[in-house]
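Contents: one structure, followed by commentary.
The values are calculated or read from the model by the stated rules, or taken from the named source; none is laboratory data. Predicted model only: the values in this text are computed from it and were never measured. Quick reminder, even Gly has a Cβ in these numbers, built from the backbone with ideal geometry, and neighbours come from all protein chains shown.
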Amino acid sequence: MTAATADNLDTGAVIEVLAGLLPDGAPLHEPDLGGNAWTYVKDCLDTGWVSSVGSYVDRFERMVESFTGAAHAVATVNGTAALHVALQLAGVRPGDEVIVPTLTFVATANAAAYQGAVPHFADSEPPTLGLDPRKLERYLETIAGPGADGPHNRGTGRRIGAVVCMHTFGHPVDLDPLVAVCQRFDLPLVEDAAESVGSTYKGRHTGTFGRLAILSFNGNKTITTGGGGAILTGDAELAAAARHLTTTAKAPHRWDSAHDQVGFNYRMPNLNAALGCAQMEQLPALLAAKRRLAEAYEHAFDGVAGVRFMVEPPFARSNYWLNAILLDPDRAADRDAVLAATNDAGIMTRPAWTPLHRLPMYRDCPRMDLGVAEDLYRRLVNIPSGPRLAPAADG
Ligand SMILES: *Cc1c(COP(=O)(O)O)cnc(C)c1O
């Protein structure tokens, strides 16, 4: 173990904490496919109901609705497709700008681009890592002006179609002030809740605050359907439109095959939904395990100088999807040493996503000052987070 100096973070102490809690070769996040997974998937194979029509899709949607409290859930092939359709249903049109955080997975901005819109990047705040509602409000005060069909960016002349927030690593953004800002500027809020199934804000599930929201059930998320996602909304008409758009906009008829708009083949297959039903049954236990792991991390990192474990914001209960440590501001230069030392020691870690405004396809997009997101990116390291890494309950 190396001794801490004024100039260098004690990477040895970080490794000691991680190695003390984790097995050798701990991955960043792996699925836990227990419970009825095998039974339900086998049932699909036995009955031949493997594709987009089948009882597990309905059952999975009802389970997602009752768990999240969303009035309507529409299951999709993945979270990115769900976000694409959610933006279209929120009214985003080609040529619009869509406010998105720069510190997010690339899918958040890609979904806007699929819709022909331009991502407009917004900054984060440290307690949540997500959109800073107060900074966004001050910014909109300077750039947004009224237009015949909604607010416009006075600088670019483009309409602003929507605000997308993202609950980073499962930590909810500060939704009350964000909802208020969106109302004040007459902008629909769409929640990219891909990472936050099981996370609540003041007792209410994330994904139930925006006009629409999406979840992801990719293999690395808290629960998985192999690949999958869902659109959530409280609006019955939007839910019906989401169902229609994601099933190729087929006009209902006993035998005619006709379509009334350009739709998408985005519905979740029954085979994936079967796995999803089993995962939904497991979700409370998985969330409890992830919380135990986070608590163990919080406690263990308490004694390590120069590093802080990212805890849930005070107004929220996080699913702790992906755990993170933040190096102190004056230790940012040591991030790559921490990444190298941990990966060398067989503990999988990685930095946050490269802020999206730095990617080649989004380099020229409009943006506010992004100083906080840039700073967080430089100091953040994700650490292993799978539910199977948790210490035993009541240990
Ligand atoms: C995982 C994820 C998505 C969607 O991912 P899919 O792999 O398409 O299900 C979207 N946004 C964020 C922030 C994500 O983490």
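Details
- Flag: Pro366 matches the condition of being in contact with a His (Cβ under 8 Å, 6 or more places away or on another chain), closer than 30 Å to Tyr139 by Cα and surrounded by fewer than 20 Cβ atoms within 10 Å (Cβ to Cβ).
- Count of the range 61-98 residues, restricted to those that are more than 19 Å from Arg267 (Cα to Cα) and near the ligand (Cβ under 10 Å from one of its atoms), is 0.
- Flag if Asp43 is surrounded by 15 or more Cβ atoms within 10 Å (Cβ to Cβ), modelled with pLDDT of 90 or more, among the charged types (D, E, K, R) and outside the structural domain of Arg350 (by TED's automatic domain parsing): yes
- Reported count of residues in the range 300-321, each being modelled with pLDDT of 95 or more, touching a helix residue (DSSP H, G or I) at 6+ places or on another chain (Cβ under 9 Å), part of a loop (DSSP other than H, G, I, E, B) and of a type outside the set (S, T, N, Q), is 6.
- Count of residues meeting criterion [within 13 Å of Val64 (Cα to Cα), part of a loop (DSSP other than H, G, I, E, B) and more than 14 Å from the ligand (Cβ to nearest atom)] in the range 199-209: 1
- Among residues of the range 282-307, those that are over 19 Å from Ala390 (Cα atoms) and either surrounded by 15 or more Cβ atoms within 10 Å (Cβ to Cβ) or among the basic types (Lys, Arg) (or both), counted: 3
- Here the condition is being surrounded by 20 or more Cβ atoms within 10 Å (Cβ to Cβ) and touching a helix residue (DSSP H, G or I) at 6+ places or on another chain (Cβ under 8 Å); of Thr354, Thr349, it holds for Thr349 alone.
- Ala324 hydrophobic (A, V, I, L, M, F, W, C), at pLDDT below 95, outside any loop (DSSP other than H, G, I, E, B) and in contact with a helix residue (DSSP H, G or I) (Cβ under 7 Å, 6 or more places away or on another chain): no
- Filtered by the rule that a residue be within 28 Å of Pro360 (Cβ to Cβ) and charged (D, E, K, R), the range 107-153 gives Asp123, Glu125, Asp132, Lys135.
- Among residues of the range 102-119 that are on the phi > 0 side of the Ramachandran plot, those with a Cβ under 6 angstrom from a residue that is more than 10 Å from the ligand (Cβ to nearest atom) and of a type outside the set (A, V, I, L, M, F, W, C), sequence gap 6+ or separate chain, pair up as Gly116/Pro94.
- Qualifying residue in the range 79-99 (condition: touching a helix residue (DSSP H, G or I) at 6+ places or on another chain (Cβ under 6 Å), small (Gly, Ala, Ser) and at pLDDT 95 or above): no
- Taken across the range 384-395, residues that are outside the structural domain of Val106 (by TED's automatic domain parsing), of a type outside the set (Lys, Arg) and within 30 Å of Glu97 (Cβ to Cβ) do not occur at all.
- For Thr168: the one exception among (1) away from the ligand (no atom under 16 Å from the Cβ); (2) in contact with a strand residue (DSSP E or B) (Cβ under 9 Å, 6 or more places away or on another chain): (1)
- Qualifying residue in the range 216-224 (condition: over 22 Å from Ser51 (Cβ atoms), among the charged types (D, E, K, R) and at pLDDT 95 or above): yes
- Val173 passes every criterion in (1) in a loop (DSSP other than H, G, I, E, B); (2) hydrophobic (A, V, I, L, M, F, W, C); (3) closer than 19 Å to His72 by Cβ apart from (3).
- So Pro119, is it more than 22 Å from Trp321 (Cβ to Cβ), within 20 Å of the chain's Cα centre (by Cα) and not assigned by TED's automatic domain parsing to the domain that holds Arg317: yes
- Matching residues, the range 91-106, being among the hydrophobic types (A, V, I, L, M, F, W, C) and crowded, with 24+ Cβ neighbours inside 10 Å: Val92, Val98, Ile99, Val100, Leu103
- Pick from the range 210-253, criterion outside any helix (DSSP H, G or I) and without any contact (Cβ under 8 Å) to a residue 24 or more places away in the chain, ranking: farthest from the ligand (Cβ to nearest atom): His253
- Residue ID - farthest from Asp132 (Cα to Cα), chosen from residues in the range 99-116 that are away from the ligand (no atom under 12 Å from the Cβ) and hydrophobic (A, V, I, L, M, F, W, C): Ala113
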